[in-house]
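Remarks on the structure that follows.
FYI, it's all coordinate maths here, none of it is from the lab. Since the model is a prediction, treat every value here as computed from it, not as a measurement. As a convention, Cβ positions derive from the backbone with ideal geometry for all residues, glycine included, and neighbour counts pool all protein chains shown.
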Amino acid sequence: MNKPIRTVSIFCLLLFLALALNATYLQYYHANALNDRADNGRVATATFSRERGAIMVGRTAIAESVPSKDQYKFQRVYHEPFMYAPLTGWYTFGNETGLERTENRFLSGEDDSLFVNRLVDLVNGNATKGGNVRLTIDPAAQKAAYDGLRALGSDVQGAVVALEPSTGKILAMVSLPSFDPNKLADHDFKKASAYATRMSKLPSNPLLNRAVQTTLPPGSTFKVVTASAAIQSGKYTSTSQVPAGPAYTLPQSHSVVHNDVLSGCDSSKISLTQAMQFSCNTAFAPLAVQVGADGMHQQAEAFGFNQHYLDDLPTQAVSRYPAGLDPPGTALTGFGQGSVTATPLQMAMVTAGIANHGVVMKPYLVDAEQSPTSFETVRPGTSEQLSQATSSSTASEVTKMMVATVQSGTATPAAIPGVQVAGKTGTAQSGLKNPDGSEVPPYAWFVGFAPAQAPKVAVCVMLQHVDQPTDEIHGGTLGGPIAKAVMEAVLNPHG
Amino acid sequence: MAQPAGPIMQFVHRRRRGAELFLLVLALAVGVGAYAAVGLGVKGEVPADIVSYGGWLAALIIAAHITVRMVAPYADPVLLPIVAALNGLGLAEIHRLDLALDHHFARQQLTWMTLGVALFVATLLILRDHRTLQRFTYTSGLAAIVLLLLPMAPGLGKTVNGARIWIHAGSLSFQPGEVAKVLLVVTFAGYLVLHRDALALAGRRVAMIDLPRGRDLGPILAMWVVSLGILVFQHDLGSSLLFFGLFLIMLYVATERAGWLLVGASLFVAGSYAVYLLIPHVRERFVLWSDVWAHYGAGTDDKGRQTVETMFGMAYGGLIGRGLGQGSPWRIPFAESDFIFGAIGEELGLTGAIAVILLYGLIVERAFRAALISRDDIGKLLATGLGGAVALQVFVVVGGVTHLIPLTGLTTPFLSYGGSSLVANWVIVAILLRISDSARRPPPDLSLPGTSDMDETQVVKM
């Protein structure tokens, strides 16, 4: 009977060989394909259970993963949640927003640049840990912007963006109303999703990052662009005399444009600087027509309109300046009305471009991606030029006009003793009606930079809704002090 | 079969009980180490009851070892350590799933293991000579059939996951098929020893292959019908496959005629095809296997979830595994029973999976080795049958779980949670040890006169 026993044993050997080969196929050759399948909940859960890297501002973590008792091992925690929520976004199972999304590969530790770290972890038997992301945010400027906005009341809707003109670093970015990302990152997914639904149904839309996702008519702050286009054309300087007056009738139309200010614009000819100081619509509307639709369009695009330039946050809204506007349309854009719309970030970039001798830097938020444990920089953030918006001389002419506007014009609330500040206000008509037929109150804007000769910070403040009577809403009085506080926070880091 | 030439040329096996003890210490280290690793992996600390748990496991293993030392001193030294290691690993993995899913299967499994070791000891103590099993050929055959029919009895049987293979009495549930497996091997061995000559010698030679006589086809047809019956009435594809394959292997070994394999294989193919056409349950298993991705996830019937989650788990485990307690094996439904191999593959990786496959391979190899050196036909047939049963069962369940073949319900010997399976497999090991003990034991030396036995029988004092 031994011969058949040997045959049977060979048969059994083949059975076991088949099992071993199949296991090798599953766990080695085919493993990556299985792991990468979208319907593989195990890998998604494991990624969610990993110790994710922190998002740092200075040396402080604004988002970090702390050990939790549940099956996911780590809970994402946001410090100063409302102040930083528009930046960090939130991280939950199968979904992430804000920086949590754009920096996901690095924070989760899957980025190729962390390969060596993963290998070391594997050898040491440690769980993979994600890398840390340090932001360009200046915590003092961020707090100044946040406190300044909140001081305007509990139901304020607005945003503040501060940039470092020479690099494009985003020093502050605040959007109100805000939300609590901790509630959205709750591992009680039902509770989190109920909160998300509630937030998304609020008419004030707190989940929106108004600094980069809301485009509104920029009002008179856009006169900086109009002035740049005019001077860049070579036909004007800051002292050029331009037509003005109490009223201006749009070309090919019977519509009449007035000024918001009570005095300063009424002479039939004033200097361009004076037109800027007193924000004379009747001067800038014809100036835009003189520059022409193409000139205005080119200048706007040179500052970043109609473009996507922010990579560090998802879904940046594109600011619009349409091509081929007719003369009345062009005249309206001359003072930031009509078909021009901009995000606060866009207007901050216009201001920073003027401050940086006409060179617009690409805005960025990630200062450095750092290794999980040693905080060594694995990949630094890159400062790159977006465009040359104006010549250096044009920029300095516009700067002069903006300095005059702060010294004795509509932007005086932003003046800082001992520092030359350049600024421009804006109060944009919304052109919208409320459901009850009343007009939606205007939007208040303020842009500025300081110090004027060697700028370190450029700011844009946008107030979409403030709970105040319509005739109290002015870019200078509401936005000016906030811009001032942000600039001071950057200029006096220990003050 | 010729006996070896004589006592002088006889190769004398050593007892190797020391080697067994050494290997058992290693096996205990695997079991207790895995239990500690599970605690560390899940809770970050060694379980508080590690001493009592390890002590209990050690006590069971030592009890088994001492029994072997006393009543089967020449038994194969590798089998018991392998089984101890597999059982310990299975307990640790079940405990791991307990922690994840908040049940207490590991404690029950340890109780079943205790019963299994007790039956192991009892089998070795009572069954001093495996040849006595031949007396129970028809008794155990009848018992096996009764056991297989029990789940069909109203009030006793219960359908679990589509298969009616359980009996319930109070809170106790039992899968009689596992015990029937052992009884059937005994029946087949006893029957074949008696009838092998008739089955082997008579017949016709067609195209180089000896085909059996028609009238000798009786038993194989009977077994075929029984297997199909299990399939049709109990929907138990795995057991049906196991019993028929088992019978075929033993028939082939007993008769040394490949013709029986041909007959059996044709019957198997014909039966499978008929069953595929007639029984929806079987057809569904096959369809699931041929395109499992169409049966996984939202929008589908999700019947492939077990298999897909097992494949995901094994892929996620990769070469070295996530580490005990650090994977997500609870994502596999019923991971602690049929699918425990997937859980081990995830947490111990390809390394652990291959190790487990090799351990099973070694069990089968040691069983066949005992069969080869056994001096009597019933021993050869029993050892081949038991070894073949383990091989087939492991192939059917592990192959099914890892998507190599269609999925059929069977337990993974010694690893899976389940009392009947564990107890039956411990008895199988006891019988294998008994056979190998008698095979490796030096034959009584009849050439030298004057042994005490002879003296006493010769001197009769009035």
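When the Cα atoms of the protein assembly as shown are aligned to their principal axes, the ranges along those axes come out at 155, 56, 51 Å in descending order. Scanning chain A for cysteines with no neighbouring cysteine C-beta under 4.7 angstrom from their C-beta gives A:Cys12, A:Cys460.
Measuring from centroid to centroid over Cα atoms, what is the spacing of the range A:64-141 and the range B:242-286 in Å? The two parts, judged by their Cα centres, are 57 Å apart. If R0 is taken as 22 Å, the Cβ-Cβ distance between B:Ile126 and B:Ala59 corresponds to a FRET efficiency of 0.55.
Ellipticity at 222 nm from helices only: DSSP H runs of n ≥ 4 in chain A, each -39500 (n - 2.57), divided by the residue count, give -10500 deg cm²/dmol.
Roughly what % of DSSP beta bridges within the protein assembly as shown run antiparallel, to the nearest 5? It would help to have the intermediate numbers written out before the result.
Working: 67 of 72 bridges.
Here the share of antiparallel DSSP bridges comes out near 95 percent.
Could you tell me which trypsin sites (Lys or Arg not before Pro) in the range A:36-90 are loop residues by DSSP with no more than 12 other beta carbons within 10 angstrom of their beta carbon? Provide the component values of the computation, followed by the final result.
Values: sites: A:Arg37, A:Arg42, A:Arg50, A:Arg52, A:Arg59, A:Lys69, A:Lys73, A:Arg76; in loops: A:Arg37, A:Arg50, A:Arg52, A:Arg59, A:Lys69, A:Lys73.
Sites meeting the loop and neighbour criteria: A:Arg59, A:Lys69.
Inter-chain neighbour count for B:367-377: the average number of beta-carbon atoms from partner chains within 10 Å of each residue's beta-carbon is 3. Look at where the Cα atoms of the range B:53-71 and of the range A:217-285 average out, and the two centres are 100 Å apart. Partner aspartates and glutamates whose Cα lies under 14 Å from the Cα of A:Lys456, excluding those fewer than 8 positions away in the same chain, are identified as A:Asp138, A:Glu164, A:Glu488. Residue by residue through A:37-45, how many Cβ atoms from other chains fall within 10 Å of the Cβ on average? Across A:37-45, the average partner-chain Cβ count within 10 Å equals 5. In straight-distance terms, cross-link reach from A:Lys235 covers every one of the lysines whose alpha-carbon lies under 28 Å from its own, apart from those fewer than eight places away in the same chain; here that gives A:Lys223, A:Lys269, A:Lys400, A:Lys424. Rounded to the nearest angstrom and listed largest first, the equivalent-ellipsoid semi-axes of the range A:203-278 from its Cα gyration tensor are 29, 18, 13. Under the shape rule built on the C-alpha gyration tensor, where the axes satisfy a ≥ b ≥ c, chain A is prolate, since a/c reaches at least 1.5 and a/b is greater than b/c.
Ranking of A:Ile473, B:Ile435 by neighbouring Cβ atoms within 10 Å, starting from the fewest: A:Ile473, B:Ile435.
Using only the C-alpha atoms of the range B:19-94, find the volume of their convex hull and express it per residue in Å³. Numbers along the way, then the final one.
On the way: hull volume 5.2 nm³, N = 76.
Convex hull of Cα atoms, per residue: 69 Å³.
Inter-label distance, B:Val232 to A:Arg379: 6.6 nm, where each label sits 7 Å from its Cα along the C-beta direction. With a simple spin-label model that places each label point 7 Å from the Cα along the Cα-to-Cβ direction, the separation between A:Asn306 and A:Ser392 comes to 2.9 nm.
Counting only Cα atoms, chain B measures 86, 58, 44 Å along its principal axes, largest extent leading. Straight-distance candidates among the lysines for linking to A:Lys433, with alpha-carbon spacing under 23 Å and chain neighbours fewer than 8 residues away dropped: A:Lys201.
In chain B, the calculated helix contribution to ellipticity at 222 nm averages -22500 deg cm²/dmol per residue, counting -39,500 (n - 2.57) for every DSSP H run with n ≥ 4.
Tell me, what does the Kirkwood hydrodynamic radius of the range B:261-386 come to in angstroms if you use every pair of distinct C-alpha atoms?
On the way: mean 1/r = 0.0570 Å⁻¹.
One decimal place: 17.5 Å for the Kirkwood radius.
If R0 is taken as 56 Å, the Cβ-Cβ distance between B:Tyr138 and A:Ala44 corresponds to a FRET efficiency of 0.45.
With a 10 Å cut-off around each Cβ of B:249-261, the average count of Cβ atoms from other chains is 3.
How much length, in nm to one decimal, is gained on full extension between A:Ser253 and A:Glu472, taken as 0.36 nm per residue of separation minus their Cα-Cα distance?
Details: separation 219, 0.36 × 219 = 78.84 nm, distance 3.05 nm.
Contour length minus the Cα-Cα distance gives 75.8 nm.
For GluC sites (Glu not before Pro), the sites in the range B:14-101 that DSSP calls loop and that have at most 11 other Cβ atoms within 10 Å are B:Glu45. Across the range A:50-76, the residues whose backbone nitrogen lies under 15 Å from the label position 7 Å along the beta-carbon direction of A:Asn124 are A:51.
Please go through the residue pairs A:Lys73/A:Lys169; A:Lys129/A:Lys169; A:Lys129/B:Lys303 and name each one whose alpha carbons sit more than 31 Å apart in this structure.
Values: A:Lys73/A:Lys169 35 Å; A:Lys129/A:Lys169 27 Å; A:Lys129/B:Lys303 35 Å.
Among A:Lys73/A:Lys169; A:Lys129/A:Lys169; A:Lys129/B:Lys303, the Cα-Cα distance tops 31 Å for A:Lys73/A:Lys169; A:Lys129/B:Lys303.
Counting other beta carbons within 10 Å of each residue's own, what order do B:Ser290, A:Ser253 fall into, fewest first? Numbers along the way, then the final one.
Numbers: B:Ser290 9, A:Ser253 12.
Sorted ascending by nearby Cβ count, the order is B:Ser290, A:Ser253.
At R0 = 56 Å, how high is the FRET efficiency between A:Ser154 and B:Leu26 if r is their beta carbon distance? Nearest 0.05 is fine. Please list the in-between numbers first.
Working: r = 70 Å, r/R0 = 1.25.
My answer for the efficiency is 0.20.
Assuming 0.36 nm per residue, please report the length gained on full extension of the stretch B:Ser290 to B:Lys43 beyond their Cα-Cα distance. Walk me through the numbers before you get to the answer.
Numbers: separation 247, 0.36 × 247 = 88.92 nm, distance 3.96 nm.
Value of the extension gain: 85.0 nm.
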